[in-house]
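The values are calculated or read from the model by the stated rules, or taken from the named source; none is laboratory data. Since this is a predicted model, take the numbers as computed values, not measurements. No Cβ is skipped: glycine too gets one built from the backbone with ideal geometry, and neighbour counts run over all protein chains shown. Just the protein is used for accessible areas: all its heavy atoms, side chains included, with ligands, DNA and RNA removed. Shrake-Rupley method; radii C 1.70, N 1.55, O 1.52, S 1.80 Å.
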Amino acid sequence: MSALLTPGTTIARPELHALLGGQPQGRISPSKTTPVISLFTTPGAHDSQHDGWTGAHFHFQGEGQGGREQLIKRGNRALAEHERSKRSLRLFVAAPGGLFRYLGAYRVDPDIPYVQVSLPVVGDPNQPPRSGYVFRLLPESGTPAPHGVPTAPRLNAEPVIRERDIALPFRPQPGAEHGRKLTTIEVAADRLLKDYGDHLRQLGRDVRRYHVTPARELLPLPVDLFDLTANELIACSGSVARTHMLAAFGELIDMRRFFNPTPRRVMLVPSEPRPDLAGLCAANDITLVWPDGPRTFHRSDPGDTTH
């Protein structure tokens, strides 16, 4: 095997399986004839969207498409438990001409073997995202760093906050952005955010947008707006229906913990909510803001009994 497979060697998959065994389809191919699990990454493919080299690890997305949640079963389980079963991991990347280029021998990081991520539903990106896995592979001793493969973000031990383009559209579902059109309510939220951002800037406020990547997470989470001048975290709901307001409520609860000093929480909505939902926000120290004219907004702070 070592004579035929050295890092950089290209090989057709039928020839590879004749050599190592394993199934001729699938990203994860455990062999019944050799102590090897072959892994296949295809840059640009849906099932390889989180694959790539971080500089220390190769991130390898778990197996399982469609609308189902990925589970640690079958190929994913074989990969996760390869050391227990005394199997080595051999990583291959798709190459021109239907071939695969051998990247070398890898092992799952024993400290953090995998992380969970949100994945779009293949064929229907408008559906809510499903849960999936990204395995963290370390090169075995002597395996060179891969070249000609996508890069992937590192897994950070601490939260990372990055400013993002304030002109980017409203995207409330991390991991589901690729190929997904905004819903009517998301379009309304995007418009509302722009109008309120313009309103705040006319008042002389410093308004930003951020991405927050929590510790040991791969996908950044969007912060709708942040008024730095007033130290206010703003989440937008494109509807005053309970489901949509609760999503914005959750964003405020989640995102507040990442900012210091602790910001006040503001929920931006398209119209005055009904009393029950207004009471929920007031009970959790959340200010409500909604338009009350072409360029003006009404603000209802917690404890305000006028509305």
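Got the relative contact order for the chain handy, in percent, Cα pairs under 8 Å and 6 or more residues apart?
The normalised contact order for the chain reaches 12 percent.
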>> So if I restrict to the alpha-carbon atoms in segment 218-294, what is the Rg, and what is Dmax, the biggest pairwise distance, in Å?
In response: 12.3, 41
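For every helix of n ≥ 4 consecutive DSSP H residues, a contribution of -39,500 (n - 2.57) applies; sum these over the chain, divide by its total residues, and give [θ] at 222 nm rounded to the nearest 500 deg cm²/dmol. Please report the intermediate quantities before stating the final value.
Details: 5 runs with 57 residues, N = 307.
Using -39500 (n - 2.57) per qualifying helix, the result is -5500 deg cm²/dmol.
Where only protein heavy atoms count, and the probe is 1.4 Å, what is the accessible area per residue for the chain in Å²? Mind showing how you got there, number by number?
Numbers: 15320 Å² over 307 residues.
Solvent-accessible surface per residue comes out at 50 Å².
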>> Order 277-290, 138-151 from most to least packed using the mean count of other Cβ atoms within 10 Å.
In response: 277-290, 138-151
> Amide H neighbours of residue 36 under 5 Å, counting only residues 5+ apart in sequence or on other chains, H built in-plane at 1.01 Å?
Replying inline: 31, 88
> Where a ≥ b ≥ c are the square roots of the eigenvalues of the C-alpha gyration tensor, would you call segment 198-258 rounded, which needs a/c under 1.5, or, failing that, prolate if a/b is larger than b/c, or oblate?
Replying inline: oblate
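In the chain, carbon and sulfur make up what percent of the accessible area (probe 1.4 Å)? It would help to have the intermediate numbers written out before the result.
Numbers: 7950 of 15320 Å².
The value for the chain is 52 percent carbon and sulfur by accessible area.
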> Separation between the residue 33 and residue 183 pseudo-spin-labels, each 7 Å from Cα along Cα→Cβ, expressed in nm?
Replying inline: 5.1
> Short version: what are the Cα gyration tensor semi-axes of the chain, square root of 5 times each eigenvalue, largest first, in whole Å?
Replying inline: 48, 18, 17
> Hey, which lysines would be in cross-link range of residue 194, C-alpha to C-alpha under 24 Å, not counting anything within fewer than 8 residues on its own chain?
Replying inline: 181
> Using the C-alpha gyration tensor of segment 18-137, what are the square roots of 5 times its eigenvalues, in whole angstrom, with the largest one first?
Replying inline: 22, 17, 14
